[in-house]
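Where a number appears in this text, it was derived from the coordinates with a stated rule and is not lab data. All figures in this text were calculated on a predicted structure; none of them were measured in a lab. Positions of Cβ are generated from backbone atoms using ideal geometry, with glycine treated the same way; all protein chains shown enter the neighbour counts.
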Amino acid sequence: MDTNKRLSDLKLSRRAFLATSAATGGGVMLFGLTGCKNQIDTISDEAEKANSVASAEVTSQRVKGDIYYNVCPRNCHDTCTILTEVVDDRIVRIQGDPDHPITAGGLCVKMNHYINWVYHPDRVLYPMKRIGKKGEGKFERITWEEAYDTITEKFNDITQEFGSEAIMPYSYSGNLGIINNYGVPYRFFHKIGATHLDRAICSDAGSMANPYTYGHNGGVDPESYARTKMYVSWGINEAATNVHAIKFIQEAKEKGAKIVVVNPVRTALANQADLFLQVKPGTDGALALGVMNILIKEELYDEEFVNNHTIGFEELVKEAEKYPIEKVSEITGLRSEEILEFARMYGTTKPSIVRVGYGMQRNTNGGNTVRAISLLPPLVGMVGVDGGGYVYINSQFWGYDWDALRRFDLYGDRELRTLNMNELGKILTGQLDSTAKLPIKSLFVYNSNPMAIAPNVNLVRKGLEREDLFLVVADIFHNDTVDYADIILPAATFFEYEDIHQDYLGYYVRHNTPAIKPLGESKSNLDIFHDLARHMGFDDDCFKETTEDACRIAINPDNKYLKNISYDDLKEKHWMRINETTPFSDKVFPTPSGKIEFYSEKLKNDGYHPVAEYVPLEEGEIKTPDLFKKYPLQLLSPATKNLLNSQMHNIPQIQDILGDPIIYINKKDAESRNINEGDLIEIFNDRGKTKLKAVITDATKEGSVVTFACPWPKLLQDGTSINELTPDRIGDMAGVSTFHTNLVEIKLA
Ligand SMILES: Nc1nc2c(c(=O)[nH]1)N[C@H]1C(S)=C(S)[C@@H](COP(=O)(O)OP(=O)(O)OC[C@H]3O[C@@H](n4cnc5c(=O)[nH]c(N)nc54)[C@H](O)[C@@H]3O)O[C@H]1N2
Ligand SMILES: Nc1nc2c(c(=O)[nH]1)N[C@H]1C(S)=C(S)[C@@H](COP(=O)(O)OP(=O)(O)OC[C@H]3O[C@@H](n4cnc5c(=O)[nH]c(N)nc54)[C@H](O)[C@@H]3O)O[C@H]1N2
Ligand code: SF4
Ligand SMILES: [Mo]
């Protein structure tokens, strides 16, 4: 707490102002899509609406309260530090920390509504048990004692009859606190010997691909974008998913940097780009290889860097030759001239940054695609230089002390199976060999909302309807998943408990201070799991730890990136930068050869092409021509700036901004189906169907349709969302999800 600061006294710097306008989206269009007639709503209109609501909430409060430092724990690149003003244990105002270089004073459109979220009338505030049918959403209040007794008894019975692996956790990123997400809950499931969950829904293919090239995933920090001369946005929608990076990109642009966007969808950044490559989805691997071919043929590569710091150049030359420009043009749907322009610009403009997003790798060829793109920066010598380089994810080259937090030792010698969260429907309906033999009898969901976010949710629903499945859900709200619970546990919000955080884009660690007491009988995940563990009779010391104990354990001073960072310092300073400036500036690469590997023996041994290759999508024109005839459109369902995965959809102001779910259809695809702007259309494939309102545009590539991810099904007109149609097929690396390898057809509803 810092009582010297008053939010109303804070002045916004120019950068803070830019951040706020970027965060609230000044001037860019809904969903980052432009160029369509009948625009839905401009973000500037929305921002005005959103901000007027937010300020109306607070300006009526003339009292000056105490300031606490919170950290927005959503699964978001930005990890904003929030200044929270509290009067009489009630939050009256929030604002982004103006002193933090990335947050720079502004929150995003969504999270300006955090006060409405915390004090939402529908929060789950007490433990409850089901009294209606599964999915009906009828519950009655019980005590924590009864909730813990019921869970303990059920878990003991299931373990006795089926073994402990009949119990499985299901969690992802509702809250990214180091203690309350990645840490303490794992201990509990390790102790009982539950089935391990492979949490591969998000970014894992890319995370696996990059280390083959560089040795680890360390990429450049967001502040360095401002110092680049060329920024390549490859399969990412910064204006929606990473609003606080926009100001750095704008700063670079003001200083003359070139902006290139590679995306099947014209994002807000594409609108400002010098070059927009509207690539056919799933073909980026061919583009990367084709660009490398041009760089090599035209001798635009950095010979000195290649000679000194890489291995496998000869093999790369041979592979790249297989991608002449005409062939790449045909695969990617791009004109040869634009491919050539991109290659020449990239070969001659330095320093340059290639930024790779996560959406693109949620494809059956996602890992191979990221691997191909990762080879571009070393070819032009853009590794370890200021303002130049590559970035995918920045939370994996260093970390907190996961072993101490997660306590793998607690399951001892037991060999426990691992199941992939992307296959939840198959898991619950016994469609995997493993679950046919040993079914999951209890699922414990926390930090996730599978009924909104999981692929093939049609099948997930069938699983959750099972009368013999004991479902426990710890959540803040009565979402669609909670409706199927046998026991609901009330989760507190991050304003109500302590945690520490790690940015996954920026180079910061942060401390989240409890600003108010937990509402009702809600508890942090730490308290939920530690209390339950003790209730079950586990007397291991770790279950007696307080949050502070766990935070102290997590910050391991032996980690070179955490040098000079202690818990006490972090608590006092609220956020601190890790000990890193420019990754790989020492030209030391932790690969098997110690160099950047254009050719990787390890890739080969793991069953992949040792250099890189373009592999057509498993569901698409080339691999499944018959299915393609039936369902000729590829559906993309990436993030929207107005929701954070499924979160905030239940906030009325957000619903106003979001409106009805829409689908963006290319003009030609609409014409051939007699679909007009505003028509209600049905979108369908063999997995399921839902209804959406048509927006006709040229901002999507012909042959692909686009909608947004993760609304709450029950808040939509017929109780279904787009995940009815998405596949639960597993991608090429690390078991990743394949939301975008998805063929569909549309017709008037
Ligand atoms: N506002 C908001 N912010 C978020 C989230 C949110 O839901 N809302 N989600 C958070 C999470 S969990 C994550 S993982 C990140 C994701 O952040 P991003 O990586 O930005 O992820 P997506 O929005 O899924 O996809 C990014 C872009 O990939 C493009 N794309 C899809 N297929 C292809 C392809 O084949 N090739 C190319 N080149 N591009 C393709 C899409 O059109 C989209 O613009 O965002 C985080 N931030
Ligand atoms: N179609 C489609 N589907 C997608 C995606 C896509 O691009 N397209 N993206 C996928 C990706 S990348 C991701 S990461 C996943 C995200 O999937 P999730 O991580 O499940 O998404 P969220 O909606 O952020 O969070 C889920 C729940 O966590 C709860 N929660 C928040 N804080 C706490 C807490 O402190 N304790 C407890 N117990 N609960 C809490 C929230 O109330 C919310 O109900 O979605 C995936 N789904
Ligand atoms: S969702 Fe992202 S941009 Fe919005 S407040 Fe949270 S961390 Fe910041
Ligand atoms: Mo994600």
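In plain terms, if you count all Cα to Cα distances in the chain and split them into 20 Å steps from zero, the share in each step is 17, 52, 30, 1 percent. Considering helices alone, the calculated mean residue ellipticity of the chain at 222 nm is -8000 deg cm²/dmol, with DSSP H runs of length four and up weighted by -39500 (n - 2.57) and normalised per residue. Against the empirical curve 2.2 N^0.38 Å, the C-alpha radius of gyration of the stretch 602-749 lands at a ratio of 1.15. Any number yet on Rg/Rh for the stretch 554-594, C-alpha, Kirkwood? Taking Rg over the Kirkwood Rh, I get 1.12.
Applying a DSSP loop filter and a limit of 14 other Cβ atoms within 10 Å to the GluC sites (Glu not before Pro) in the stretch 592-630 leaves nothing.
Note on the stretch 585-624: with charges restricted to the Cβ of Lys and Arg (+1) and Asp and Glu (-1), its dipole about the Cα centre is near 260 debye. Size check on the stretch 253-296: the Cα extents along the three principal axes, sorted descending, read 31, 25, 9 Å.
Take the convex hull of the alpha carbons in the stretch 157-266; its mean projected area over all directions comes to 10.2 nm². Database remark: amide H of C202 closer than 5 angstrom to the amide H of S737 (H placed geometrically; neighbours at sequence offset of 5 or more, or on other chains; Pro and chain starts carry no H).
Extension gain, A749 to K255: 0.36 nm times the residue separation minus the Cα-Cα distance gives 172.9 nm. Amide H contacts of Y170 (H built 1.01 Å from N, in plane; Pro and chain starts excluded): F444, V445, Y446 sit under 5 Å, all sequence-distant by 5 or more or on other chains.
Largest first, the extents of the alpha carbon coordinates of the stretch 515-674 on the three principal axes equal 63, 55, 38 Å. Which entries of K462/K629; K110/K689; K667/K693 show an alpha-carbon separation above 19 angstrom in the structure shown? Beyond 19 Å: K462/K629; K110/K689. A Förster radius of 41 Å, combined with the Cβ-Cβ distance separating L438 from D656, puts the computed FRET efficiency at roughly 0.30.
Inter-part distance, the stretch 622-673 to the stretch 412-433, computed on C-alpha centroids, equals 30 Å. In a reduced charge model with +1 at each Lys and Arg Cβ and -1 at each Asp and Glu Cβ, the stretch 614-655 shows a dipole moment near 140 debye about its Cα centre. Kirkwood hydrodynamic radius, the stretch 377-524, all distinct C-alpha pairs: what's the number in Å? Evaluated on the stretch 377-524, it is 19.0 Å. Amide H to amide H, with H built 1.01 Å from N, S524 comes under 5 Å of A492, counting only residues 5 or more places away or on other chains. Across all directions, the shadow cast by the convex hull of the stretch 83-209 built on its C-alpha atoms averages 12.6 square nanometres. Radius of gyration over Kirkwood radius for the stretch 209-353, both on Cα atoms: the Rg/Rh ratio is 0.96. Projecting the Cα atoms of V473, N458, Y484 onto the dipole axis of the stretch 456-495, where Lys and Arg carry +1 and Asp and Glu carry -1 at the beta carbon, places N458 farthest toward the positive end. Just want the answer: with Cβ charges of +1 for Lys and Arg and -1 for Asp and Glu, which residue in V588, M168, L643 is farthest toward the dipole's positive end in the chain? Sorting the options by dipole projection puts first L643.
Look at the alpha carbon pairs under 8 Å that are at least 6 residues apart: their mean separation over the length of the chain gives a relative contact order of 19 percent. Panel order for D409, D221, by other beta carbons found within 10 Å of each beta carbon, from fewest to most: D409, D221. Counting only residues at least eight positions apart within a chain, or on another chain, the lysines with an alpha carbon under 30 Å from that of K255 are K11, K229, K247, K350, K587, K641.
Given 0.36 nm per residue, what is the gain on full extension from E580 to E415 after removing their alpha carbon distance, in nm? If you can, show how the numbers build up before the last one.
Details: separation 165, 0.36 × 165 = 59.40 nm, distance 3.79 nm.
Using 0.36 nm per residue and subtracting the Cα-Cα distance, I get 55.6 nm.
Rg over Rh for the stretch 291-367 works out to 0.98, using Cα positions for both radii and the Kirkwood form for Rh. Computed from point charges on the beta carbon alone (+1 for Lys and Arg, -1 for Asp and Glu), the dipole magnitude for the chain about its Cα centre is near 1180 Debye. The stretch between R141 and K587, if pulled fully straight at 0.36 nm per residue, gains 154.6 nm over its current Cα-Cα span. Could you please state, rounded to a whole Å, how far the C-alpha centre of the stretch 119-138 is from the C-alpha centre of the stretch 498-536? Each part's Cα centre sits 22 Å from the other's.
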